[in-house]
1. Only one of the listed values, (i) 34, 17, 14; (ii) 39, 16, 14; (iii) 23, 19, 18, was derived from the coordinates as semi-axes √(5λ) of the Cα gyration tensor in Å; which label is it?
2. If you find the alpha carbon centre of segment 33-62 and of segment 112-187, how far apart are they in angstrom?
3. Which whole-number percentage describes the relative contact order of the chain, with Cα contacts under 8 Å and a sequence gap of 6 or more?
4. Given just the C-alpha atoms of segment 50-101, how large is their convex hull per residue in cubic angstrom?
5. Tell me the relative contact order for segment 15-100 as a rounded percent, counting alpha carbon contacts under 8 Å between residues six or more apart.
6. Counting pairs of alpha carbon atoms under 8 Å apart in space and at least six apart in sequence, what relative contact order in percent does segment 89-187 give?
7. Can you give the helix-only mean residue ellipticity at 222 nm for the chain, where every DSSP H stretch with n ≥ 4 adds -39500 (n - 2.57) and the sum goes over all residues, rounded to the nearest 500 deg cm²/dmol?
8. For the pair residue 131/residue 175, report the inter-label distance in nm, with labels modelled 7 Å from Cα in the Cβ direction.
């Protein structure tokens with residue numbers, strides 16, 4: 001009787017974890033948000049954001065939701081002067097809009113380890129729908145023995161659609177390609 005109660009409890013716990021899923025926290029140390037934009041109609045210029053946070057939810061190993069927050073003040077283009085200019089109202093206006101966020105509104109599995117993730121991107125105080133293809137790049141245990149999973153995506157937006165039209169007429173491109181790669185650990 002005790003053995004069958006133990007087995008029933010173990011099955012219930014397993015079922016509950018599959019039904020309600022697992023939440024993984026994005027690891028800011030092992031995650032990257034990189035962007036590129038055309039400069040002077042000559043070459044792509046690259047930069048990055050150094051602070052990223054968020055979470056992913058998995059149900060039976062499949063992605064069900066994603067939330068990502070980027071600290072706009074953490075912009076890094078390898079030039080302090082340029083970074084300060086990008087933080088001002090000509091571009092990110094980080095005093096008024098300190099965060100860039102993405103919150104999924106729907107997830108559809110396309111094939112094994114590849115998802116179509118619809119969501120809302122908030123940038124410069126404006127929220128627009130965005131759909132990205134997110135690929136699971138790996139899963140396993142990290143050095144602390146926690147379950148970990150990795151994903152990445154690349155997509156393009158027009159910054160003018162988010163109210164960031166500064167210097168478009170002076171050779172800084174409107175299209176910005178974002179490359180996002182992150183690891184997330186089970187809480």
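1. (ii)
2. The two parts, judged by their Cα centres, are 5 Å apart.
3. On the way: 401 pairs, mean separation 43.4, N = 187.
For the chain, the relative contact order is 23 percent.
4. On the way: hull volume 4.1 nm³, N = 52.
In segment 50-101, the Cα convex hull volume per residue is 79 Å³.
5. Numbers: 136 pairs, mean separation 20.6, N = 86.
Computed over segment 15-100, the figure is 24 percent.
6. Working: 175 pairs, mean separation 21.9, N = 99.
With pairs under 8 Å counted, the relative contact order is 22 percent.
7. Numbers: 2 runs with 27 residues, N = 187.
After summing the helix terms and dividing by residue count, I get -4500 deg cm²/dmol.
8. Once both label points are built, they end up 1.9 nm from each other.
Every number in this text was worked out from the coordinates using simple rules, so none of it is lab data. Keep in mind that this is a model prediction, so the values were computed, not measured. Neighbour counts run over all protein chains shown; Cβ positions are idealised from the backbone, glycine included.
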